[in-house]
Every structure is written in structure tokens, then in C-alpha cells.
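J.: The structure under discussion is supplied below as C-alpha cells; questions concerning it will follow.
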Amino acid sequence: MTVLLECENLAVTFDIDQGQINAVQDLSLTLSSGECLGVVGESGSGKSQSFLAMLGLLARNGRASGSVKFRGEEILAANRRRLNELRGSRLAIIFQDALSGLTPTMRVGEQLAEALRCHEAVDSAQARARAIEMMEIVNIPDAANRFSAYPFELSGGQRQRIMIAMAMICRPDVVIADEPTTALDVTVQAQILRLLDGFRRHTETALVMITHDLAVVAGLCDRVMIMYAGRPVEMAPTATLFDRPCHPYTIGLLKSMPTLRNDPAADLPVIAGQPPDMRKPPPGCAFAERCALAEERCREERPQLRQVGGSQQVACHLVSA
Amino acid sequence: MTTAILEVDGLSVSYSIPGDGLLGGGMRSLQAVNDVSFSLQAGETLGVVGETGCGKSSLGKAILQLVKPSAGRVIWNNRDLCGLTRKSLRPLRKDLQIIFQDPLSSLNPRLCVGEIVAEPLLIHAPELSAREREQRAIAMLERVGLRPEMALRYPNEFSGGQCQRVSIARAMIVEPKVVVCDEPVSALDVSVQAQICNLLRELQRETGIALLFISHDLSVVRYMAQRILVMYLGRIMELAPRDELFTKPLHPYSQALIRSVPVPDPAMPLNDYPDALSGDLPSPLDPPSGCVFRTRCPKSTPICVSQAPPLERRGDRHLVACHHPEE
């Protein structure tokens, strides 16, 4: 296992009319080849912005600081040319909305071939052959003919497959999947998850799965990072996280999830309240306001992410090491 | 609790959409809901599940006459809603309310939430004074978990979950008998979703309203509904009590839907899942002959191509439309 991505103290801020929003803070993680990391959080938790920042894809009013190294090379400060070499070939991303992720006026096969030709010395016949091969791998029926289809002619599931094919066609080291199944029906979601799972089993590609759905990470990811209000609050191997969740937010999330197993007659245990307004974050623990266990200290002092047990990290004053 | 309060009989909805011709020449008809019949019992929640485009939202809207059904009847208090004029429908709307998926776009941005919640009373309880309307609106806001002083704020100042609480308050203030909930929690964050589900369940316990709960999320529907209707391409595939549907689904489509739900258990890796459904939903403009599900069905045989299976009773309250149901 080679370390591919090393991220240290990543912070993302956005300038807005009323000042500044600290969308991500204190994010440190490493990602190794062949690994699958789940990143779970609600809207506004900073889960997507963290990884967009790593790829230099923040909106214009966004700034990232800290350090992000890809195979030892600092990329947070890299110039656009270097980033363009890396993006698409070594570091790829799959967006949630496949329709707006594809160029509407270009045939899907050509978009795939273009991704390849940008990064590898292939002629157009080779690029076409590889694109069709890739479409077959992601189970697009009748791939040779579908090469000439426009995005609007494909179903939502097929478009997401094309996005996955495009991300995978240069055999990248890291693929970041940003809520790739959220817009899809549950039957199609199952197909896409299996497809991603197949890729990560049969290649050395590291996969980052960004989602709000803990059930999605359970079967797919090796490790999970839970984010809340811009910070990681818990990080653990998937089995440990589901077995022994430590952070009260993680515990609450797991309990409040309706599943096909819990007793439908009982009310769902809920996390009261809602995430804090990121324009005026609380001084202490961001979760304190919603936490049933919160003490005075939680409201005043922000807990740092620290090791509990062998492989689990948690940011909570009330969890003993 | 076996009195039907709302009877849906052979309901169909079709939309005409522009055909292939240049300048939209030739309209084609899209059958979104096809011959759907069921009854809603007093105080129950009937879940409606299915994939995008299966007609579940059209069904909800057609029941309330928000889209005009092309055929069939909706019987409410011995009257067929489909035959009524807008004017004669109006007083009946007090009893039949709806909550939409997108909480922000279904609230008027120019009214403060106190006004939004009080507005239905203007129509349905004109005898109330402005002061009484305000008091009721505030009481209703408190009932759904919002503070009285929030009545003066505007929808854009609220989070998605709070907006959905306002929508619920607006629907509940006229003391309806039936509320159609069209994906009411799909746009919400996980932790807020559970709050809204619990709120709807509490309100139902207190008031005895019947809910038609439309959702694509089987885990949520299982938690909300006592009976579940499974739709595919506008038709009913299966209608069964909740526990029966989840423990022994008879229709291959229901089985596939249930199998596709990810299990939040790391001990169950993805490649251990039984084969999920292959392929995508066929175009509703050009549905398959015979059984509409046959193109994705592992059990399809020649009879499925030639004949649409009728919805038949299997067991006490269990209906299924399949030539080869699981026995």
C-alpha cells in the first residue's frame, strides 16, 4: 500500500457579503492505494468542499490553506497546468449530478475519448476503442452504438455510468465520488455501488465515497470519516464505527436512521435541533447544542480529534481514551 | 379501523406531451397512472413506493384533483371528486390536504410563516376573526415544534426541516381527514428526516388523520406505513400490509426493490447482495406489452409478453399483479 494523498490541517474558507465562512477546518487524513474511505456528513458539513479543495476545484470565492500532498508532491499550491495534468489522469472525480457533469452537445463516447486523449498519447481509433471498452465495463448495453448518443438520450443511471467510465478511463490513482448515487433510484443505486466496488477490488485505485447515507458506506468502505460543521468528528475502520461508535453525533446518526431491521412500531430516536449556522459557529464543540450529554466545558472549549483505542479517532471531551 | 374513508377506483392519469414532429407536431399521450384502485382506511398510513417516473406523485395529485384524472373515480363522503367543478371541490379541500417534497418552493416567499399557516383559515373558517386566526396559527406552529416568535419570519430564514414543519402546520391547521405526503422527507438531512417522520406519526396519533405517504425510500415507508402499495410504470404491482410485504414479498419487483436497499451493516459486503435488478425503467411513453415489468423481470415467460397480469388477491389483504408470484 502506497500512500497517495496526505492532507494536513486543510481549511477552506469562502468570502461572502457578510464576511467569511469557515467551511472546513482542521482536516488531516491519509489515503493509500486500494483503500476505500467513506466521508459522511449532512449538507453544509464540508464533506464535498474538502475534496473539491484538494483538487483545486473550489468556487471563485473559496480559498484553501494547509497542505495536500499527492505522492509526496504538494498540490494545494500547484499551478493550473500541473493540476490539469493530474486531474482526470491521476485524480478523478465523479459528481452527483451526471447530467450537468457531461457536456450536453457532445456525444458521450467522444467525451470519454477526449478524457483519454488529453492525458495519453493515443490516436483517435485507439481512443475510440478504449472508450467503447470502458462503456462495456460499466455495463452500458450496446456500447458501440451508444458511443454516439448524447447525454440526454441516456437514463440517469446510464449517465452516472458514463461519469464513472470517464473517471476510470485513465486508470487514476484516486477517485473521489461525490454523492454518486444520491440522485438515483434505489435499484440503480445498487447497480452503481456494485460497479464501484468491483473497480476498487480489481484495481489499485483508492476510492473516496462522499455521502450522507451511512448505509451506503457500510458495505463499501474500509474506513469512515464523519464530518460535522466543517470538522471531522470521528474516524474509524467501518466495522469499528458501526460496532462501537464513540461520538454522540455518530451514535445519534446511526440510531436515527430508519432501516429494514429496526422495529417500525417504535418512534425513531432523533437528534434534536439542527446543525449550527456556519456564519456564526459556536465557540466550543459545534455539536454541543444538540448533544444530550453536553457539559459546560463542551460549550466553551473545542474538542480536538484524538486517538481512542487502536485505530479510532474522535473529537469529544466526554469520550475517555 | 376498517372503514374506508377514501376510495380510489380505476384511476388513470395521462399527460399529452409534444411528439417527434418538428414544431411539436402530433401530441403523444403518456399514461402516468393506469387503472389504480385502492381504499384508504381511517387513521391509517398507506405507503406508495416506486422508482422515479412510476406515477406515484401523479397518483397523489390526481386524488386531490390537482391534476385532472383521465379516467376513474375518487370517492370521498359518497361523492366522486372527479366529477366536481373547482367551485364545488373547494369546501372539500379542507378535509384533503397535501405536503410537498420541496419545502422552500412550496411556501410563498412573500408571506411570513404566521400568515402562511393562517391563510387556509381565511378560506375554510371565514367566521374567525384575524386575532383568532393568528392565535390558531401560533398554536399550530408550536405544535409542530416552532417557537411563536418565528411566526413573523419569512421562509428563506428557515432551514429545510423547519420549512417542512411550516408546510405540515399549514396542512394540519384546517383539521384535515386525509393528508397526501409527497416525498415529505426526501429533501431533508438524515438527522432532520427522523424528526419530521416522528412529528407526522405523533400528529396522526393525536388527530386520527389518514396519510398517503409517497416515497422512493423503502426504509422510511416501512417506518411510516401500515400498508404499502408498490407501483411500476403507472400500475399497481403489489399492495400488502407492511410486515407481509417486507417478510414475504410476492412480486419479483417488490423483491428486487427490497433487496436493493443498502443494509447498514459492514458484515454484509456489497458483493454478497443477491443480484440486483438489471437495466433501467423503460420509457413510460412506450411501455412494454403485457406485464410492464417483464423487461427487467428474472421470471418473465411468454405469457408475460402477451397478457397483462390482473391484480389478484393472495391471502387476506394481499394483492399482487404477477403471472408467477412467489409462493
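J.: Strictly over 31 Å apart at the Cα level, which of B:56/B:94; B:56/B:87; A:255/A:280; B:56/B:248 would you flag in this model? Numbers along the way, then the final one.
T.: Working: B:56/B:94 22 Å; B:56/B:87 26 Å; A:255/A:280 28 Å; B:56/B:248 23 Å.
Those over the limit do not exist; all pairs fall within it.
J.: Please report, to two decimal places, log10 I(q)/I(0) for region A:139-226 at q = 0.18, 0.22 Å⁻¹ as given by the Debye formula with identical point scatterers on the Cα atoms and no solvent.
T.: Calculated log10 I(q)/I(0) at the listed q: -0.82, -1.18.
J.: Using the basic label-point model (7 angstrom from Cα toward the beta carbon), what is the residue A:153 to residue A:118 distance in nanometres?
T.: Simple spin-label model gives 2.3 nm for this pair.
J.: Under the rule a/c < 1.5 gives rounded, and otherwise a/b versus b/c splits prolate from oblate, where does region B:211-292 land using the Cα gyration tensor? The partial results should precede the final answer.
T.: Details: a/c = 1.95, a/b = 1.18, b/c = 1.65.
Judged from the Cα gyration tensor, region B:211-292 comes out oblate (a/c at least 1.5, b/c at or above a/b).
J.: How many nm separate the modelled label positions at residue A:60 and residue B:86, each set 7 Å beyond the Cα in the direction of the Cβ?
T.: 4.4 nm
J.: Could you give the DSSP H helices of chain B that reach 15 angstrom or more along their long axis (alpha carbon positions) and whose average Kyte-Doolittle hydropathy is no lower than 1.0?
T.: On the way: long enough: B:113-124 (18 Å, 1.22); B:130-143 (20 Å, -1.17); B:160-172 (18 Å, -0.07); B:190-207 (26 Å, -0.16).
Span-like helices, by this rule, are B:113-124.
J.: Using the 10 angstrom Cβ neighbour count as an exposure proxy, how do B:283, B:129, A:256 rank, fewest first?
T.: Values: B:283 12, B:129 8, A:256 19.
Least to most surrounded, the residues fall as B:129, B:283, A:256.
J.: With everything on Cα atoms, drop me the angle between helix A:108-119 and the longest principal axis of chain A, reported from 0 to 90° to the nearest 10.
T.: Value to nearest ten degrees: 80.
J.: Continuing with this model, one more query. Using only the Cα atoms of the protein assembly as shown, each taken as one equal point scatterer with no solvent, compute I(q) by the Debye sum, divide by I(0), and report log10 of the ratio at q = 0.09, 0.10 Å⁻¹.
T.: Taken in order of the listed q values, log10 I(q)/I(0) reads -0.84, -1.03.
J.: Another one. I'd like the FRET efficiency for residue B:303 and residue B:41, computed as 1/(1 + (r/R0)^6) with the beta carbon distance as r and R0 of 41 Å, rounded to 0.05. Mind dumping the intermediate values first?
T.: Numbers: r = 34 Å, r/R0 = 0.83.
Computed FRET efficiency for residue B:303 and residue B:41: 0.75.
J.: Could I ask something else about it? Once the Cα atoms of helix A:124-137 and of chain A are each reduced to a long axis, what angle between those two axes, in degrees from 0 to 90 to the nearest 10, is obtained?
T.: Compared with the principal axis, the helix lies near 50 degrees.
J.: If you don't mind, another one. Taking just the alpha-carbon atoms of region A:248-321, what radius of gyration and Dmax come out, in angstrom?
T.: 14.4, 39
J.: Relative contact order for chain A: what percent, with Cα pairs under 8 Å and sequence separation of 6 or more?
T.: Values: 606 pairs, mean separation 62.8, N = 321.
Computed value for chain A: 20 percent relative contact order.
J.: Just to verify a number: FRET efficiency for residue A:279 and residue B:68, C-beta to C-beta distance, R0 = 45 Å, to 0.05? Walk me through the intermediate numbers first.
T.: Details: r = 45 Å, r/R0 = 1.01.
Once the sixth-power term is evaluated, E becomes 0.50.
J.: Then there is this: Using only the alpha-carbon atoms of region A:29-180, report the extent along each of the three principal axes, biggest first, to the nearest angstrom.
T.: Computed over the Cα atoms, the extents are 46, 36, 31 Å.
J.: Still on this structure: Using a simple spin-label model with points 7 Å from Cα along the Cα→Cβ vector, what separation in nm is obtained for residue B:105 and residue B:283?
T.: 2.4 nm
J.: May I pose another question? Based on the Kirkwood radius over alpha-carbon pairs, what is the Stokes-Einstein translational diffusion coefficient of region B:1-139 at 25 °C with 0.890 mPa s viscosity, in µm²/s?
T.: Values: Rh = 17.6 Å.
My calculation gives 139 µm²/s for D.
J.: Moving on to the next point. Spelling out what I want: for every residue of region A:156-166, take phi, set θ = phi - 60°, compute 6.51 cos²θ - 1.76 cosθ + 1.60 (Karplus), and round to whole Hz; glycine and proline get x.
T.: These are the phi-based 3J(HN,Hα) values: x, x, 5, 5, 5, 5, 4, 4, 5, 4, 5 Hz.
J.: Still on this structure: Quick one: order A:247, B:324, A:202 by neighbouring beta-carbon count within 10 Å, fewest to most.
T.: A:202, B:324, A:247
J.: Can I ask one more? Which whole-number percent of Cα pairs in chain B have a distance greater than 30 Å?
T.: On the way: 21013 of 53301 pairs.
Beyond 30 Å sits 39 percent of the P(r) for chain B.
J.: Same structure, new question: Which residues does a label at residue A:3 reach in region A:73-101, if reach means a backbone N under 16 Å from a point 7 Å past the Cα toward the Cβ?
T.: A:73-76
J.: Taking chain A as the reference, fit the longest principal axis to its C-alpha atoms, fit the long axis of helix A:186-202 to the helix C-alpha atoms, and give the angle between the two in degrees, 0 to 90, nearest 10.
T.: 80 degrees
J.: Where the Cα atoms of region A:20-104 are projected onto their three principal axes, how long is each span, largest first, in whole Å?
T.: Each principal axis gives a Cα extent; for region A:20-104 these are 36, 31, 30 Å.
J.: Can you quote the Å³ per residue value for the convex hull of the Cα atoms in chain A, rounded to an integer? Can you show the working numbers first?
T.: Values: hull volume 48.2 nm³, N = 321.
So the per-residue Cα hull volume is 150 Å³.
Computed from the coordinates by the stated procedures, all read-outs in this text should not be read as laboratory data. In this text the structure is predicted, and so the values were computed from the model without any measurement. Using ideal geometry, Cβ is built from the backbone for each residue, glycine included, and neighbour counts are taken over all protein chains shown.
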